[in-house]
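Novice: Here it is, the structure, as C-alpha cells.
None of the figures in this text is laboratory data; all of them are computed from the coordinates on show. Everything quoted here is computed from the prediction, not taken from an experiment. Cβ placement follows ideal geometry from the backbone for every residue including glycine, while neighbour counts extend to all protein chains displayed.
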Amino acid sequence: MTPQKLVLHWLKGRLSAADLAWLEEKSTLLATGAADKDVYTAYSSALRHSGKAPLELAPADLDSAQAASPGWDPSDWTCEQAARVALLLALPPGSKSSQLMDRVYQTADVGEAVALQKAIAVLGHPEGHMARARDGIRSNIQSVFEAVTVRNPYPAMHFDALGWNQMVTKTFFVGVPLHLVVGLDRRVNPDLARILNDLAHERWAADRPFSPELWRCVGPHADARALEDLKKVLNTGTPLEQRAAALALHASPRTEAARIIYTHPELAEAAQTGALTWERLYDGE
Amino acid sequence: MANNPKRYIDPHIHMVSRTTDDYTAMAAAGIVAVIEPAFWVGQPRTELGTFKDYFSSIVGFERFRASQFGIKHYCTIGLNSKEANNEALAEEVMDLIPRFAGKEGVVAIGEIGFDEMTAAEEKYFRIQLDMAKELDLPVMIHTPHRNKKVGTSRSMDICIEHGLSPARVVIDHNNEETAKEVLDRGFWTAFTIYPKTKMGNKRMVDIARRYGSERIIADSSADWGISDALAVPKTANLMLEEGIPEATVNAICYGNAILAYGQSGQFNEKDWLDMVRPDLTQEFAGNSLLRGGGPENPDLSRLIV
Ligand SMILES: [Zn+2]
C-alpha cells in the first residue's frame with residue numbers, strides 16, 4: 001500500500017464518516033491541482049476534522065509503514081498529524097509541491113509545522129524538503145525540532161555531515177533522547193565525536209550535567225583524549241555513566257579501548273553479549 | 001464554574017512584547033490562559049511580509065514560549081485600526097487574514113475597530129466584520145482612546161449593521177462613560193486595567209459593584225508600553241478584598257472570557273486543565289525547554305544563577 005492509502009486506512013477506523021469524506025475530498029482536490037489558497041485552508045482546517053487523539057497503531061500497522069516507506073515510524077503520530085500528512089501526500093511530488101509546502105510552513109502554527117516535519121519521512125522528492133528540514137533543526141520550538149529529529153529517517157538519509165552533526169549536537173542542548181534518533185550509528189563520524197567530546201569538557205568545566213548518551217557518538221571514533229575521558233568515566237562515573245562508557249569503549253576499534261573496558265569485566269561482558277545496549281541504557285534507573 | 005485553586009485568564013495581552021520574567025510571574029499568580037490579539041507593534045509596518053511573520057509568530061513561537069510556563073496561549077487575527085490607514089498595505093493584509101483565521105487557537109477576528117475614525121479605518125473594519133461572519137468567529141473590538149464614547153457607539157452600530165450578534169462581539173477598553181450603553185446593547189464589555197491611560201483597578205471594583213458580573217471581562221492589554229501583566233490577578237485580589245462576591249470575581253477574571261471566546265470552538269477550559277505543566281523549579285530534567293534550567297528568578301536574594 002502507498003503511504004497515502006495507508007494513512008487514510010488508519011484514519012478510517014478513527015474518524016467519523018463525514019470527517020473522513022472531507023479528508024478524501026480534499027485529498028482528491030489537492031491531487032488534481034488546487035489553488036494555493038485552497039491548500040492553505042485545507043491544511044489548516046484538517047485539525048477540525050481529525051481531532052488530536054493519538055493514532056496508537058498496532059505492531060502490524062507499524063510493519064506496513066516500514067514496508068511502504070523504509071524507516072517510517074509513525075508510532076507517536078496523532079490523528080491530526082496523519083490527516084495533515086494525508087493532504088501533503090496528495091500533492092503531486094515535485095519541486096512545485098515542495099515549494100508550496102515551504103509557503104505552508106512559513107505561516108504554520110505549531111501543530112502544522114510539526115506535521116510538516118514529520119511528513120518528510122514519507123514525502124516524495126526528498127531534495128525539495130531539505131531547506132525546510134534544516135530550518136526545523138534551527139527551530140527553538142521543541143516539538144518542531146523533535147519532529148525532524150525523533151523517529152524520522154529523513155536526516156540520516158539526506159542531511160550532509162554539517163547538518164547531521166548540528167542536529168545531533170543540539171539534542172544535548174534541548175534534551176532529546178539520542179536513542180530516538182534514526183540511523184545514529186550509521187552516521188557517526190570523527191568530527192561529531194570531537195564536537196561532542198569538546199561538549200563533555202565544557203559541561204565538566206561548568207559543572208553542569210549532560211546525558212551519557214553523548215558517548216555513543218564518541219566511542220566509534222575515540223582518539224587518545226576520548227579514551228582517557230572514557231577511562232575516567234568508567235572508573236569514577238555513576239552506574240549509568242559507567243554503562244555508557246562501557247558501551248562506547250566496546251564500539252571503539254582500538255586495542256587500548258579493549259584494555260580499558262576489561263578493567264570492568266562484568267560491564268565488558270554485558271556489552272559483548274548484548275545484555276547491555278544503548279536502548280537499554282536507562283533500564284533500572 | 002468552579003474555580004479552585006484560583007485560576008485566571010488574561011483575555012487581552014500582547015505577550016510578544018513581554019519577557020520571560022512576566023511569564024514566570026503570571027504563572028505564579030494563577031494565569032492559566034492568555035489571548036494575544038493581533039495589534040500594532042509600535043513601529044508601523046510597511047511590508048506585507050512583516051504582517052505575515054507577525055501573524056505567524058502569534059500562532060507559532062509565542063504559543064511555544066507560553067507553553068514553557070504552563071500558560072495556554074491563544075490569539076486573534078486582524079488588521080488594527082491604526083495600520084488600516086495605510087490603504088495599499090491594508091488591501092494586501094485582507095488577503096492574508098483568511099490564511100490565519102482558521103488555524104488552531106485563533107479565537108476571534110481582532111482587535112479591529114477605530115482609532116481616528118477615518119474612512120479607511122471604517123472600510124477595513126467593515127470588511128473584517130464580514131470575514132468574521134463568514135468564518136463564524138467572534139470579534140474583538142478595540143475602542144479609540146480619543147472621542148471614545150462616539151467611537152464605541154459607532155463601532156456597535158456598524159456591528160449590528162453587518163448582522164453580527166452582540167453576543168459574539170467583545171467591546172474592549174471600556175470605561176465608566178461607555179459601560180452602560182455597551183451592556184444595555186447586549187455586547188460583551190471588557191475593561192482594560194491600565195494604570196495611566198485606561199482604567200485603574202480601584203475603578204474596576206466600582207464597576208463590579210455597580211454592574212455585577214454579567215458580560216463583564218477584565219484584561220491587562222499589557223504590551224510594549226508601561227503596563228502590568230499581572231493586572232487581572234491583582235484586580236481579582238482587590239475585588240475580593242473589597243468584598244465583591246467570589247462568583248462575581250471569578251466570572252469577570254475567568255469564566256466570562258470562556259463564554260465569550262469559547263464561541264469560536266477554539267477556547268476550551270479542558271485545553272489548559274489537561275495541559276502538562278512544567279515543573280519550573282526543576283534545574284535539569286533531560287529537558288531544557290528552558291535553556292539552562294528554569295526561567296530566571298527575579299528574586300534578588302537568590303544570588304547564585
Ligand atoms: Zn491590545
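Novice: Mind sorting A:CYS79, B:CYS253, B:CYS75 by how few other Cβ atoms lie within 10 Å of their own Cβ, fewest first?
Specialist: The fewest-first ordering by Cβ neighbours comes to A:CYS79, B:CYS75, B:CYS253.
Novice: I've got another one for you. Quick one: if the Förster radius is 30 Å, what FRET efficiency do B:ASP228 and B:ASN86 give, using the C-beta to C-beta distance and rounding to 0.05?
Specialist: Calculated value: 0.45.
Novice: Identify, among B:ALA260, B:ASN237, B:LEU96, the residue whose Cα sits farthest towards the positive end of the charge dipole of chain B, taking +1 on the Cβ of Lys and Arg and -1 on the Cβ of Asp and Glu, with the dipole about the Cα centre.
Specialist: B:ASN237
Novice: Next question, about the same structure. How do A:MET157, B:MET26 rank when sorted from fewest to most other Cβ atoms within 10 Å of their own Cβ? Before the final figure, lay out each step's value.
Specialist: Numbers: A:MET157 16, B:MET26 27.
Exposure proxy ranking, most exposed first: A:MET157, B:MET26.
Novice: By how many nm would the segment from A:ALA131 to A:ALA17 grow when fully extended, if each residue of separation counts as 0.36 nm and the alpha-carbon distance is taken off?
Specialist: My answer for the length gained is 37.4 nm.
Novice: With +1 on the Cβ of every Lys and Arg and -1 on the Cβ of every Asp and Glu, and nothing else charged, how large is the dipole of the protein assembly as shown about its Cα centre, in debye rounded to the nearest 20?
Specialist: Numbers: 62 positive and 77 negative charges, 28 e Å.
With only Lys, Arg, Asp and Glu charged at Cβ, the dipole is about 140 debye.
Novice: Something else now. Which longest run of chain B has no exposed loop site in it, a site being GluC sites (Glu not before Pro) in a DSSP loop with at most 16 other beta carbons within 10 Å, and the site itself not part of the run?
Specialist: Here the longest segment lacking exposed loop sites spans B:117-213.
Novice: Another question, then. Consider a paramagnetic label point 7 Å from the Cα of A:ASP283 along Cα→Cβ; state which residues of segment A:230-247 have an amide N under 20 Å from it.
Specialist: A:238-247
Novice: Evaluate E = 1/(1 + (r/R0)^6) for B:LYS270 and A:THR2, where r is the Cβ-Cβ distance and R0 equals 45 Å; express this FRET efficiency to the nearest 0.05.
Specialist: Working: r = 36 Å, r/R0 = 0.80.
For B:LYS270 and A:THR2, the calculated efficiency is 0.80.
Novice: For chain B, report the % of Cα-Cα distances exceeding 27 Å.
Specialist: 39 percent
Novice: Mind putting together the pair-distance distribution for segment B:175-250? All Cα pairs, 10 Å bins, whole percent per bin, short to long.
Specialist: Histogram of Cα-Cα distances, whole percents per bin: 20, 54, 25, 1.
Novice: Next up: Between A:ALA68 and B:ASP130, what is the label-to-label distance in nm when each label sits 7 Å out along the Cα-to-Cβ direction?
Specialist: Here the modelled spin labels are 4.2 nm apart.
Novice: Between beta-carbons, use under 10 Å as the cut-off and find the net charge around A:ASP36, counting Lys and Arg +1, Asp and Glu -1.
Specialist: +2
Novice: Kindly write out, for segment A:9-15 in residue order, the coupling ³J(HN,Hα) from the Karplus curve 6.51 cos²θ - 1.76 cosθ + 1.60 (θ = phi - 60°), rounded to whole Hz, with x marking Gly and Pro.
Specialist: For segment A:9-15, the Karplus-derived couplings read 4, 5, 6, 3, x, 10, 9 Hz, x marking Gly and Pro.
Novice: Against the longest principal axis of chain A, how steep is helix A:239-251, in degrees 0 to 90 to the nearest 10, with axes from Cα atoms?
Specialist: 90 degrees
Novice: Equivalent ellipsoid semi-axes for chain A, as square roots of 5 times the alpha carbon gyration tensor eigenvalues: give them largest first, rounded to whole Å.
Specialist: The answer is 42, 19, 15 Å, longest axis first.
Novice: Efficiency by 1/(1 + (r/R0)^6): what FRET value for B:ASN175 and A:LYS37, r their Cβ-Cβ distance, R0 = 45 Å, to the nearest 0.05? Before the final figure, lay out each step's value.
Specialist: Working: r = 41 Å, r/R0 = 0.91.
The pair B:ASN175/A:LYS37 has a calculated efficiency of 0.65.
Novice: Still on this structure, please answer the following. If you look for lysine pairs in segment A:1-170 that are eight or more places apart or on different chains, how many of them have Cα atoms under 26 Å apart?
Specialist: Going through segment A:1-170 pair by pair, I get 18.
Novice: Here's something else I'd like to know. Just the number, please: Stokes-Einstein D of the protein assembly as shown in µm²/s, Kirkwood Rh from C-alpha pairs, 10 °C, 1.306 mPa s.
Specialist: 60 µm²/s
Novice: With labels modelled as points extended 7 Å from the Cα through the Cβ direction, what inter-label distance (nm, one decimal) is found for A:LEU240 paired with A:GLU228?
Specialist: In this crude label model, A:LEU240 to A:GLU228 measures out at 2.7 nm.
Novice: Build a GNM of chain A with springs between Cα atoms under 10 Å: which of A:ALA268, A:ALA58, A:ALA119 gets the top mean-square fluctuation?
Specialist: Its mean-square fluctuation being the largest, the pick is A:ALA58.
Novice: Calculate one ³J(HN,Hα) per residue across segment A:18-31 by plugging θ = phi - 60° into the Karplus curve 6.51 cos²θ - 1.76 cosθ + 1.60, and present them in order as whole Hz with x for glycine and proline.
Specialist: 5, 5, 5, 4, 4, 5, 5, 5, 5, 4, 5, 4, 5, 5
Novice: In addition: Can you give the charge dipole size of chain A about its Cα centre, rounded to the nearest 20 debye, using +1 on the beta carbon of Lys and Arg and -1 on the beta carbon of Asp and Glu?
Specialist: Charge dipole, chain A, about its Cα centre: 380 debye, nearest 20.
Novice: Also, I was wondering about something else. Given the rule -39500 (n - 2.57) for each run of at least 4 DSSP H residues, summed and divided by the residues of the protein assembly as shown, what is its mean residue ellipticity at 222 nm, to the nearest 500 deg cm²/dmol?
Specialist: After summing the helix terms and dividing by residue count, I get -15500 deg cm²/dmol.
Novice: Further question on the same structure: Roughly how many Å is it from the Cα centre of segment A:226-284 to that of segment B:173-240, as a whole number?
Specialist: 64 Å
Novice: Using only the alpha-carbon atoms of segment A:188-285 as identical scatterers, what base-10 log of I(q)/I(0) does the Debye formula give at q = 0.19 Å⁻¹?
Specialist: Log10 I(q)/I(0), no solvent term: -0.83.
Novice: Can you list the residues, at least 5 places off or on another chain, whose amide H is less than 5 Å from the amide H of A:THR78, using H built in the peptide plane?
Specialist: A:LEU55
Novice: With each pseudo-label sitting 7 Å past Cα toward Cβ, what's the B:THR46-A:ARG186 distance in nm, one decimal?
Specialist: Between B:THR46 and A:ARG186, the simple spin-label model gives 5.0 nm.
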